[in-house]
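The values are calculated or read from the model by the stated rules, or taken from the named source; none is laboratory data. These figures come from a predicted structure and were not determined experimentally. All Cβ positions, even for glycine, are placed from backbone atoms using ideal geometry, and neighbour counts span all protein chains on display.
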Amino acid sequence: MLRPVKTDLHLHTCLSPCAELSMSPRKIAAQAREKEIEIIGICDHNSAENIPAVIEAGRRLSVRVIPGIEITTREEVHLLALFSTLESAFRLQEEIYAHLPGENNPDLYGWQVVANENDEVLSFNQRLLIGATTLSLEETINLIHAHGGVVIASHIDRQGFSLLGQLGFIPSGLPLDALEISPRISLNEARKKFFYDYPLVTFSDAHRLEEIGAATTSFLVARPDFEEIVLALKGQEGRRILN
């Protein structure tokens with residue numbers, strides 16, 4: 001039987017230097033549970049290192065976690081990559097790290113905290129996670145798909161770091177799986193403004209705890225998991241996007 005499942009698939013943790021340090025695994029899971037969000041997606045900038053901790057913290061509170069990464073392409077376009085398994089996310093992370101120059105300066109960009117499921121600090125990531133990779137838009141999309149992932153263009157209604165903001169258009173035939181709208185506008189407004197033949201979703205892009213759930217997408221699915229969401233994005237087997 002199909003049922004609605006509420007999701008927020010674009011959350012940052014304290015690993016992203018632009019996120020608040022309060023965005024720790026336990027607190028994220030607790031906030032999602034409080035907001036009655038069944039599935040969250042962890043998409044830190046160019047890294048997946050905090051996902052294992054959030055998965056465990058979420059398991060304790062019955063919150064499903066989809067592994068993800070928000071990748072910055074050479075063109076400074078943000079793309080969400082979502083995966084069915086942690087292993088796939090880490091394999092893509094290896095590719096990203098091989099194409100990610102620079103070293104983080106915490107005084108300029110912020111701390112990049114790797115934490116465990118109990119919100120204890122394990123280490124600090126030294127890479128410049130906030131920076132752009134040397135991978136092109138097309139190369140990044142192909143890599144995500146090669147690792148079994150779904151590609152969603154981030155916050156296309158924003159000027160900064162969005163596909164439309166950076167390029168001014170969406171290249172014909174670009175194999176995206178969906179477009180994300182930020183909480184700044186509603187999906188109804190977005191449908192009137194953006195006439196593209198891609199599914200539209202909206203997530204919070206939360207960098208602070210209180211932002212979690214500021215925008216959510218509900219899917220009509222049989223189970224709260226990645227495979228069902230993929231079917232919903234494609235509109236297959238009765239699965240679909242509800243809002």
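Take the residues of region 119-137 that are in contact (Cβ under 8 Å) with a residue 60 or more places away in the chain, in contact with a strand residue (DSSP E or B) (Cβ under 7 Å, 6 or more places away or on another chain) and among the aliphatic types (A, V, I, L, M): which is surrounded by the fewest Cβ atoms within 10 Å (Cβ to Cβ)?
Of everything passing the filter in region 119-137, I130 is surrounded by the fewest Cβ atoms within 10 Å (Cβ to Cβ).
Only residues in region 181-201 that are more than 11 Å from D157 (Cα to Cα) count as the first member; pair them with residues that are surrounded by 12 or more Cβ atoms within 10 Å (Cβ to Cβ) and among the charged types (D, E, K, R), Cβ under 6 angstrom, at least 6 apart or cross-chain, and list the lot.
V201/E180
Cβ contacts < 6 Å: first residue among the aromatic types (F, W, Y), restricted to region 64-85; second residue assigned to a strand (DSSP E or B), any location; separation 6+ or different chain. Result?
Partner pairs satisfying both residue conditions: F83/P67.
Of all the residues that make up region 42-87, how many are among the basic types (K, R) and under 25 Å from H99 (Cβ atoms)?
Here the count works out to 1.
Tell me, which residue of region 67-118 that is of a type in the set (G, A, S) and over 22 Å from L179 (Cα atoms) is surrounded by the most Cβ atoms within 10 Å (Cβ to Cβ)?
Here the answer is A115.
Take the residues in region 167-183 that are farther than 17 Å from F203 by Cβ and modelled with pLDDT of 95 or more; name whichever of them is farthest from the chain's Cα centre (by Cα). Talk me through it step by step, then tell me what you get.
Here is the first cut: in region 167-183, the ones farther than 17 Å from F203 by Cβ are 167-175.
From what is left, the residues that are modelled with pLDDT of 95 or more are 174-175.
Values: L174: 19, P175: 17 Å.
The selected residue is L174.
Test I144 against the stated conditions and say whether it is touching a helix residue (DSSP H, G or I) at 6+ places or on another chain (Cβ under 8 Å), within 12 Å of A48 (Cα to Cα) and surrounded by 17 or more Cβ atoms within 10 Å (Cβ to Cβ). Walk me through it before giving the result.
Details: touching a helix residue (DSSP H, G or I) at 6+ places or on another chain (Cβ under 8 Å): yes; within 12 Å of A48 (Cα to Cα): no; surrounded by 17 or more Cβ atoms within 10 Å (Cβ to Cβ): yes.
Against the criterion (touching a helix residue (DSSP H, G or I) at 6+ places or on another chain (Cβ under 8 Å), within 12 Å of A48 (Cα to Cα) and surrounded by 17 or more Cβ atoms within 10 Å (Cβ to Cβ)), I144 does not qualify.
Restricting to region 32-44, name every residue that is on the phi < 0 side of the Ramachandran plot and surrounded by fewer than 24 Cβ atoms within 10 Å (Cβ to Cβ).
R33, E34, K35, I37, E38
Picking from K27, K6, which residue would you name as being surrounded by fewer than 24 Cβ atoms within 10 Å (Cβ to Cβ), closer than 13 Å to E117 by Cβ and among the charged types (D, E, K, R)? Let's see the steps before the verdict.
On the way: K6 fails: closer than 13 Å to E117 by Cβ.
Answer to the check: K27.
Output the residues belonging to region 190-206 that are surrounded by fewer than 18 Cβ atoms within 10 Å (Cβ to Cβ) and among the acidic types (D, E).
D197, the sole residue that qualifies.
Tally the residues that are surrounded by 20 or more Cβ atoms within 10 Å (Cβ to Cβ) and over 18 Å from F226 (Cα atoms), restricting the search to region 158-184.
Selection size over region 158-184: 3.
From the list L187, L220, L233, exactly one residue is out of contact with any Phe, Trp or Tyr (no Cβ under 7 Å at 6 or more places or on another chain) and surrounded by 18 or more Cβ atoms within 10 Å (Cβ to Cβ). Which is it?
Values: L187 fails: surrounded by 18 or more Cβ atoms within 10 Å (Cβ to Cβ); L220 fails: surrounded by 18 or more Cβ atoms within 10 Å (Cβ to Cβ).
Being out of contact with any Phe, Trp or Tyr (no Cβ under 7 Å at 6 or more places or on another chain) and surrounded by 18 or more Cβ atoms within 10 Å (Cβ to Cβ) holds for just one of L187, L220, L233, which is L233.
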